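Here's the structure, in C-alpha cells; my notes come after.
The values are calculated or read from the model by the stated rules, or taken from the named source; none is laboratory data. What you see is a predicted model, and the numbers here were worked out from it, not measured in a lab. Glycine also receives a Cβ, built like all others from the backbone with ideal geometry; neighbour counts cover every protein chain displayed. Heads up: the accessible areas ignore ligands, DNA and RNA and are worked out on the full protein's heavy atoms, side chains in. Shrake-Rupley method; radii C 1.70, N 1.55, O 1.52, S 1.80 Å.
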Amino acid sequence: MTLGNRPGSGPRTALVVGNWKMNGDFAANGSLLEALRASIDADLLARVEVAVCPPYPYLAQAATALRDSGIALGAQDLAAYANGAYTGEVSAQMLADLGCRWAIVGHSERRTLLGETDATVVAKAGRALDAGLGVIVCVGETLEEREQGREREVLARQLDALAPLAAAEATDFVVAYEPVWAIGTGRTATPEQAQAMHAFIRERLASRGFAAAARLRLLYGGSVKAANAASLFAMADIDGGLIGGAALVAEEFAAIARSAALA
Ligand code: 13P
C-alpha cells in the first residue's frame, strides 16, 4: 500500500519483516510458516510487503513452505566477501540462489556481540545489493548513548558510513531504526521518539547524497507488538517494522502486518 503523499515524502509501500534471530527448529518453523501462509493472504500482501528472516539452516525449508505465498524470504546476515576460503560464511550469491529477497545487516546484536564495525556493515550491504538482494541496514543507539544525549551523533556516524551506497534503488535499500534499549526489553520507543529519529535518518541520508531519501522505507524495531504497532506505524516517517519476538507468533506477526496495511 501507499503510505500517503505526505509533504516532503513520496509514496512508500509499507514493509514488515520478521527477524527470527537464533530461534526455532524444523518442526516449530513448519507450524509457524504454515500459520503465516494462512493468515497473511493476497489481499493483505497487496497493501504491505512482508518478509521473514529465519536462521540460515532453515532458509531452504522456508523457501519451500512460502513458495508462491507472496511472503518474501530474507537472511539475518551475509558475508562481506564474494566467495572463497571463508569458513562458516554465507555469500550474497548463495542467498539469492536460495530465493532470498532481503538481507539484514548491521543488527545491534552483531555490532555489539560480534564486533561488527560500520566498515563491515557497508561492505556487507554492498555485497547484498550487488547480488540483487534488498538490504535492511540496522542502526540505533544504546541506552548509555541516549542517556548521554548522543543518539543523533551515533546515528549520524552509522548512516554516514553508508554514503557509498547512496545510488541504491529505493525498493532495495531500507534502514531499520532499532534503539538497542528497546530490543527484547518490552520497552518500546514512544511513537514520538521513534518519529523524531526517523525524520533525522531521512534528512541525514538526503544530506549524504541519497537522492531517493524521500522514497526510502524506514522501519522501526524494538519490542513491536500487535498492541503498539498501529501507533508507531501512524507516524509520518515510520514505514513499517522489523519484528523480533513477536515474529515468532503467527497471529501477532499477522496482526502487525495488518496494522501496517491500515496506517
Ligand atoms: P524485539 O522485537 O524482540 O524487541 O527485537 C527487535 C529486533 O531486534 C528485530 O531485529
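Odds and ends about this structure:
- Test: residue in segment 38-61 that is assigned to a loop (DSSP other than H, G, I, E, B) and within 16 Å of the ligand (Cβ to nearest atom): yes
- Residue among Gly209, Gly245 that alone is over 13 Å from the mean Cα position of the chain (by Cα), at positive phi and either more than 12 Å from the ligand (Cβ to nearest atom) or open to solvent by 10 Å² or more (accessible area, probe 1.4 Å) (or both): Gly209
- Within segment 180-191, none of the residues are surrounded by fewer than 23 Cβ atoms within 10 Å (Cβ to Cβ), basic (Lys, Arg) and under 18 Å from the mean Cα position of the chain (by Cα).
- Screening Leu113, Leu98 for residues that are modelled with pLDDT under 95 and either open to solvent by 40 Å² or more (accessible area, probe 1.4 Å) or touching a Cys at 6+ places or on another chain (Cβ under 6 Å) (or both) leaves exactly one candidate, Leu113.
- Of all residues in segment 227-248, those that are among the polar types (S, T, N, Q) have Cβ atoms under 6 Å from Cβ atoms of residues that are within 11 Å of the ligand (Cβ to nearest atom), 6 or more apart or on another chain, in Asn228/Thr188.
- Taking segment 13-67 as the range and being open to solvent by less than 70 Å² (accessible area, probe 1.4 Å), more than 23 Å from Gly106 (Cα to Cα) and in contact (Cβ under 8 Å) with a residue 40 or more places away in the chain as the test, the residues that pass are Leu32, Ala35, Leu36, Ser39, Ile40, Leu44, Val48.
- The one condition from (1) out of contact with any Leu (no Cβ under 6 Å at 6 or more places or on another chain); (2) among the hydrophobic types (A, V, I, L, M, F, W, C); (3) under 20 Å from Arg146 (Cβ atoms); (4) outside any helix (DSSP H, G or I) that Leu232 does not meet is (4).
- Leu155 vs. criteria away from the ligand (no atom under 12 Å from the Cβ), touching a helix residue (DSSP H, G or I) at 6+ places or on another chain (Cβ under 6 Å), in a helix (DSSP H, G or I) and open to solvent by less than 10 Å² (accessible area, probe 1.4 Å): no
- Some residue of segment 76-92 being within 16 Å of the ligand (Cβ to nearest atom), modelled with pLDDT of 95 or more and open to solvent by less than 20 Å² (accessible area, probe 1.4 Å): yes
- Selection within segment 106-140 - assigned to a strand (DSSP E or B), out of contact with any Leu (no Cβ under 7 Å at 6 or more places or on another chain) and without any contact (Cβ under 8 Å) to a residue 40 or more places away in the chain: none
- Residue check: Ala125 meets all listed conditions (1) touching a helix residue (DSSP H, G or I) at 6+ places or on another chain (Cβ under 8 Å); (2) away from the ligand (no atom under 16 Å from the Cβ); (3) not hydroxyl-bearing (Ser, Thr, Tyr) but one, namely (2).
- Residue list for segment 180-227, filter: in a helix (DSSP H, G or I), of a type in the set (Gly, Ala, Ser) and at pLDDT 95 or above: Ala194, Ala196, Ala199, Ala206, Ser207, Ala213, Ala214, Ala226, Ala227
- Residues of segment 159-177 that turn out to be within 16 Å of Arg111 (Cα to Cα) and open to solvent by less than 10 Å² (accessible area, probe 1.4 Å), as a count: 5
- Single residue of segment 158-206 satisfying the filter (out of contact with any strand residue (DSSP E or B) (no Cβ under 9 Å at 6 or more places or on another chain) and of a type in the set (Lys, Arg)) that is nearest to the ligand (Cβ to nearest atom): Arg187
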